[in-house]
Amino acid sequence: MRAHYFQHVPFEGLGSIEPWLEKAGYEITRTRFFADSVLPDLKTLDFLVVLGGPMSVNDEDRFPWLAAEKQFIWNAIAKGKPVLGICLGAQLIANVLGARVYRNPVKEIGWFPIYGIPSQDQTVVEFPKAIHAFHWHGETFDLPSGAIHLAKSGACENQAFQMGRSVIGLQFHLEMTPQAALDIVAHCRNELAAASYVQTEKEILSASPERYKTINDNMDKILSFLLQKNG
């Protein structure tokens, strides 16, 4: 089994997803758009993860590879491949499914609660009633037509969605680890301007080990849900 991920900047990686995939027996490969834009053969993939990044899905003039990436994501979804999008990745999925991606009224950076939206449908991934997740975004998206709304927050209505049985988009980061948090703060601390939903560097980096374990456990559940037919 092969899992492939799209990486947009060197300081945003798989985080807790990587050990889960390794334990499940997946070969892991990647495309690093900041270094090259070589895309894999879709037929050889069993799972696609689309990671975050500071660019916008609307920045094709600045990042021409976005067009090819969007087409690949669309093809993967059309072929029924399991696809997980995180932050920019969720926005890319929403975009290729015809939804609008635009600036959120406020930036959301740091640890803030998201609230799961209950569903009785057994084919829908279940989110906790409330969980503090890690956020770092200034844009949001409309829900694609036919998508199921999974979670929201005080700063952003559309925090997560599911399309069919095999596509999930998360605006927030459940894969975050202490080292990953250090990396993103080191590269993006210029965005930490005081605001209602922007925490300080100290607040962001003082999260307890239990908080990381909670979000990582929830990411594990999402991976199990997406890959139960393949894993």
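Computed from the coordinates by the stated procedures, all read-outs in this text should not be read as laboratory data. This structure is a prediction, so every number in the text was calculated from the model and none was measured. FYI the Cβ positions are ideal-geometry reconstructions off the backbone, even for glycines, and counts take in every protein chain you see.
Some points to look at:
- A Förster radius of 41 Å, combined with the Cβ-Cβ distance separating K43 from S196, puts the computed FRET efficiency at roughly 0.30.
- Peptide packing: for 147-158, 184-195, the average count of neighbouring Cβ atoms within 10 Å per residue gives the ranking 147-158, 184-195, highest mean first.
- Each residue in M163, M219, M1, M176 was given a count of other beta-carbon atoms within 10 angstrom of its own, and listing them fewest first yields M1, M163, M219, M176.
- The eigenvalues of the Cα gyration tensor, multiplied by 5 and square-rooted, give the stretch 1-94 an equivalent ellipsoid with semi-axes of 20, 15, 12 Å from largest to smallest.
- Loop-resident sites, the stretch 37-108, for GluC sites (Glu not before Pro), counting at most 15 other Cβ within 10 Å (DSSP): E60
- Amide hydrogen neighbours beyond the local backbone of L150, cut-off 5 Å, H modeled: A160, F161, Q162
- Listed residues V101, V49, V38, most fluctuating in the chain (Gaussian network, C-alpha, under 10 Å): V38
- Q71-A24 FRET efficiency (beta carbon distance; Förster radius 35 Å; 0.05 resolution): 0.80
- Between amide H atoms placed 1.01 Å from N, distances below 5 Å from C87 occur with L170, Q171, F172, all of them 5 or more places distant or on a separate chain.
- Summed over qualifying helices (DSSP H, 4 residues or more, each -39500 (n - 2.57)) and divided by its residue number, the chain shows a 222 nm mean residue ellipticity of -8500 deg cm²/dmol.
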